[in-house]
Each structure stands twice: as C-alpha cells, then as structure tokens.
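The values are calculated or read from the model by the stated rules, or taken from the named source; none is laboratory data. Note that the structure is a prediction, hence the values are computed from the model and not measured. Cβ placement follows ideal geometry from the backbone for every residue including glycine, while neighbour counts extend to all protein chains displayed. In case anyone asks, the SASA skips ligands and DNA or RNA and just uses the protein heavy atoms, side chains included. Shrake-Rupley method; radii C 1.70, N 1.55, O 1.52, S 1.80 Å.
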Number of protein chains: 2
Amino acid sequence: MFILRKGLMMSYVLLDDGSRQILRFLFPGDMLGISSAIYHEAPETLCALSDTVVCPFDRATLSAIMQEHPRLSAMILVYSQIERVALTDRLAALGRTSAKARVAALLLDLRNRLRATDKSIDRAFPLGLTQEEIGDATGLTAVHVNRMLRQLEEEGMIAREGGRVTLLDRGALAGAANYVNRYEGLDLRWLPPAR
Amino acid sequence: MFILRKGLMMSYVLLDDGSRQILRFLFPGDMLGISSAIYHEAPETLCALSDTVVCPFDRATLSAIMQEHPRLSAMILVYSQIERVALTDRLAALGRTSAKARVAALLLDLRNRLRATDKSIDRAFPLGLTQEEIGDATGLTAVHVNRMLRQLEEEGMIAREGGRVTLLDRGALAGAANYVNRYEGLDLRWLPPAR
DNA sequence: CGTTGTATTGACACTGGTCAAGCATGGTGG
DNA sequence: CCACCATGCTTGACCAGTGTCAATACAACG
C-alpha cells in the first residue's frame, strides 16, 4: 500500500479479450493498493502516468493504526467510502449516460482533482492523458473520444491547444455530465477524537 | 446505517433524465447506508425488493466501535474494500463487455450471493427481479435483457420457468462473463487481534 | 371480469465501434 | 543536421450492437 505524494497514476484491469478498463486516476494524497492488501492476488494494476513519488506502508502498519489510532482509522474508512461513492458515480455514468456526458464528466473531475492540490488551476489544465486512456476510463474507443472532444469544442464548452484543456463553460459541462463533486458535502462530526 | 438480516434489497441512483442505475443488490449480512452516513445528503437510495428485516445502528455506535474494537474496525474496512472491488468488477463489465456477458455475470453473482446464506441453492434459484431491474443494474433496457436471456437459454447455458432460473453450464457462463467471485481469495492474517 | 404490471416479439433508428488513411510531433541514430 | 520511426491525433465510410416504439400475450389482483 502507498500514499501518492507527487505525480499522476491510474489503476486498471485487463479483461480476457485484452481490453482495458481504467478504474481510477490517482492524485497526490490518494491511498493506493488497499484492495491489493486484502486479496492474495491483486485485483487491479497500478501504473504511473508521470514521474511520481509514493510513500509505502505495509499491512502491519495498517494493523497498528487500527489498534492505536481510532480517529485515523475512522478517517481511512471515510476515505474508502468517498472512493466508493466516486466509483458508483462512474458506474451510473457508464451504465446510463451518453458518450459526450462521460467525457465531459471526466474533464470536470480531472479539473477538480488537480485543483485540490494546485489552487492556481481554474479554467485550464494540462490534460496528461492520451485519448486512448480517456477512452479506457469512459468505456469508449479512442476514436469516439476524439469525436466527443471535437463536439464539446464546437459547442463552445471547452477549448484545446497543445495538450492543455480550458473549460469555457463549467455550468453547461456539469449539466451535460450529471456531475457531482464528491469531495464536498461531507459530514464528519461523528468521528472519534484523536487518542 | 443497517445490517440486512433477511430479504433482498437494492441501492440505486436516479439521474436527471429519470433513468435509474442500480448500484448493488443487498443480501443478508450486508451493511447498508455507510456512505449515507458520511454525507449530508445520501448519495444513493435504498429500496427493499422483498419483505426484509434490518438491524439499525447509528454513527455514535460506529464511532464507539472504532475506538474500542480494532479488529472489528479492520473487518469493516475489509468489508468496504470487498464491496469496492465488486464495484470495480461491475465498472469493467459496463465499460468493456457485451450485453450478454453482463447479464450472465449478474446471474452468476446472484447465484453465488444467494448460496452464501442458503447452501441448498446450487444450479437453480428464484430470480426475484424484473427484467427492468436487471436492465437497470446492467446498463441495458428491459427489452434487450429479454433478448439476452432468450439467447442464453437457446444456447443451453440457462433454463427458465416461472421466475426460477437454472444455470445449466456455470463454466460456460463464467467464461462468457469474465466473472470472478470476490468473496473468495481473501488474505486476512494481518488483522489486529480481538481486544 | 377489467386493470395493472410484466414478458415477449418484431420493425426500425441511432449511438458508438471498426477499419483505414493521412497528418503532426518528437525522439533517435547515422 | 536530417532521415527515419513511433506514437498519438484527426477524419471519413461503413457496420453492428443496442435502444426505441409498438403490439400482443399473460398472470396476478381487486
């Protein structure tokens, strides 16, 4: 298990037919590989998308935390629930929304996650992903991702130039995407006190 | 928050356009509503599919468990990770597999989950879902679910009569579905001891 | 018996996939 | 410095899988 300190990573699974589903992009502060710790065989693959710095810890450490730091334990549980809710949002997007909505949601999420650690990011950010990666995250082909990006651009919702994306109309994007920022609206007053 | 003691439930979200994505079916022993506890507004809706019995507990109880029962706390974390992995499997299914594979995976999962609390279930079980519910869980329409069930039947992989389904060839189904039983293969030796 | 919800089936439409080609970019080795 | 190559982006033509709409059948239930 690791905490990501710097850089961008992703986790994905490969299916029998060779296709890939990207489960999650990982940003600084995220915990990685907890699920690998509870199974004999890791259920997902981790991969760095840029130069990264991680901070490793092992099962014994997690076990010690659970015994000695109840508040931290509770926060780990909360964190895993936030991640779970983000996954259910993506599940609903894959099951019930159009290709354009899924791409829009991905762009909005990338922007919000990047902004969490870099407040200078507002409308524009570097899109550190290939269109194939966007496709594997949204359940589309790279070709169709390209078409959707062009449409969003033609409709004036985004602008692109040289790997950078600018969200020109976040409201319209969020409307098209059914997007909810799951890192807001938390209620954590019930957490146990620090020991 | 609740523990489901008896019956079948589901959790789902409704999107703006009125479509529904079923996130999860809930079986006896499952914990429900943890994610609702950490947000101000519940991110998902819970709904009973049959007569059910639940055992409620509140945030203060969870907080007390985190403080006084490290082993139980760790098991709750493990449980939420199992659920997370099951969600990622479904995410990969929605993003990257065919309609037939998704329906097959749902049938296999239902059988395994039912069997967990009723060992008398082997090949046949009562399908307590409408085809519309199967569709909302797999990201398909009820009409297409019907077509897929018929195909699976014609290919001799399942049989149906009066709300009961029989899995005639679980191996072939699992192959068609890319299915992994996530309640097996756990490694829990690192858990803290009971206090 | 009507009524309501569910299952079934067919005809047709459309979203998104597939295949193929061309183009831009940047890195590499001669 | 330049030819070469790999990778990723863009676009068009065509096709397949899935959705939509509509009609019918069936069962449960008041």
Stretched fully, the stretch from A:I3 through A:Q67 gains (0.36 nm per residue minus C-alpha distance, one decimal, in nm) 21.0 nm
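Placing unit charges on C-beta atoms (Lys and Arg positive, Asp and Glu negative, everything else neutral), compute the dipole magnitude of region A:1-68 about its Cα centre in debye, rounded to 20. Walk me through the intermediate numbers first.
Numbers: 5 positive and 8 negative charges, 48 e Å.
Roughly 240 debye for region A:1-68.
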Accessible area of A:F2, 1.4 Å probe, to the nearest 10 Å²?
70
Work through the residues other than B:L32 whose Cβ is under 12 Å from its Cβ and net out their charges, Lys, Arg +1 and Asp, Glu -1.
-1
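Taking GluC sites (Glu not before Pro) that fall in a DSSP loop and have at most 12 other Cβ atoms within 10 Å as cut points, what is the longest piece of chain A between them? Don't skip to the answer; put the middle values down first.
Working: sites that count: A:E41, A:E184.
The longest such stretch corresponds to A:42-183.
Out of the total accessible area of region A:109-157 (probe 1.4 Å, heavy atoms of protein only), what percent is carbon and sulfur?
Numbers: 1150 of 2420 Å².
That fraction is 47 percent.
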Label points 7 Å out from Cα along the Cβ direction at B:L49 and B:D118: separation in nm?
1.2
Placed amide H near B:L23: partners under 5 Å, 5+ positions off or other chain
B:S11, B:Y12, B:V13
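Report the relative contact order of region A:1-68, percent, no decimals, based on alpha-carbon pairs under 8 angstrom and at least 6 residues apart. Display every interim value, and only then the final one.
Numbers: 118 pairs, mean separation 29.9, N = 68.
Reported relative contact order: 44 percent.
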Dipole magnitude (debye, nearest 20) for region B:33-111, charges at Cβ of Lys, Arg, Asp, Glu
440
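Under a point-charge model restricted to the Cβ atoms of Lys and Arg (+1) and Asp and Glu (-1), what is the dipole moment magnitude of the protein assembly as shown relative to its Cα centre, in debye to the nearest 20? Each step should come with its number before you reach the end.
On the way: 48 positive and 46 negative charges, 104 e Å.
Dipole magnitude for the protein assembly as shown comes out near 500 debye.
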Cross-link reach from B:K6 to lysines, straight Cα distance under 21 Å and at least 8 residues apart if same chain, gives B:K119
Which whole-number percent gives the relative contact order of chain A, counting Cα pairs below 8 Å spaced six or more residues apart?
21
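Roll a 1.4 Å probe over the protein chains and send me the accessible area per residue for region A:1-68 in Å². Show your work: numbers first, answer last.
On the way: 3100 Å² over 68 residues.
On a per-residue basis, 46 Å².
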Cα centroid of region B:26-52 to Cα centroid of region A:1-79, whole Å:
25
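Sorting B:R182, A:R189, A:R147 by accessible area (1.4 Å probe), largest first, what list results?
Values: B:R182 35, A:R189 185, A:R147 105 Å².
So the residues, ranked largest to smallest area, are A:R189, A:R147, B:R182.
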